[in-house]
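Engineer: Questions regarding the structure given below will be posed in turn.
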Amino acid sequence: LWASAIEFRESDDLRLSITNFKNIIQNYPKSEFSSKAQFQIADIYLNDVKDYPFAIEEFKKLISNHPEAILAKKSAFMVAYIYSNYLDEYSKAMEKYELFLTQYPTDELVPSVEFELEGLKKYQPTIDSLNNL
């Protein structure tokens, strides 16, 4: 299933790729391939389909269903990254980046999170003024 899903993705048959990844998730939910399949689905919606809200939902599924998986950390980062860089939802991005720092204070992505938060600081006055309305 995994090899077929990857092959379908590489040949741009995204529907069959997602179907195979979902079969892995459904039939082997405790397997490490389940979290990898969920990440691939989210990545397809992010990079191939460009449906950013749906990609966020797919990354959130991974975080919820596989909180201990290595890809859960990357998914948490990606949720914040999408809010910031694709949807221009800066307050949500800041909230998710701060949550990442709380949950994973020693992760290798911390410097990237700090870099992203530094870039978002320029939006803080606007966010504060809108929150005060």
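Engineer: Check Asn47 against each of (1) closer than 30 Å to Asn23 by Cβ; (2) open to solvent by 90 Å² or more (accessible area, probe 1.4 Å) and name the one condition it does not meet.
Structural biologist: That leaves (2) as the condition not met.
Engineer: Would you please list the contacts, defined by Cβ atoms under 6 Å and residues six or more apart or on different chains, that run from a residue in the stretch 51-75 that is over 19 Å from Gln103 (Cα atoms) to a residue that is among the hydroxyl-bearing types (Ser, Thr, Tyr) and open to solvent by less than 70 Å² (accessible area, probe 1.4 Å)?
Structural biologist: Asp51/Tyr45; Phe54/Tyr45; Ala55/Tyr45; Glu58/Tyr45
Engineer: Quick check on my filter: what residues within the stretch 72-96 are open to solvent by less than 40 Å² (accessible area, probe 1.4 Å) and more than 19 Å from Pro53 (Cβ to Cβ)?
Structural biologist: Answer for the stretch 72-96, where residues must be open to solvent by less than 40 Å² (accessible area, probe 1.4 Å) and more than 19 Å from Pro53 (Cβ to Cβ): just Ala72.
Engineer: Restrict the check to the stretch 27-34 and report whether at least one residue is of a type in the set (D, E, K, R), at pLDDT 95 or above and part of a helix (DSSP H, G or I).
Structural biologist: The answer is no, given that none of the residues of the stretch 27-34 is of a type in the set (D, E, K, R), at pLDDT 95 or above and part of a helix (DSSP H, G or I).
The values are calculated or read from the model by the stated rules, or taken from the named source; none is laboratory data. The structure displayed is predicted, hence computed values, not measured ones. Note that each Cβ is placed from the backbone with ideal geometry, even for glycine, and that neighbours are counted across all protein chains shown. Surface accessibility is based on the protein's heavy atoms, side chains included, excluding ligands, DNA and RNA. Shrake-Rupley method; radii C 1.70, N 1.55, O 1.52, S 1.80 Å.
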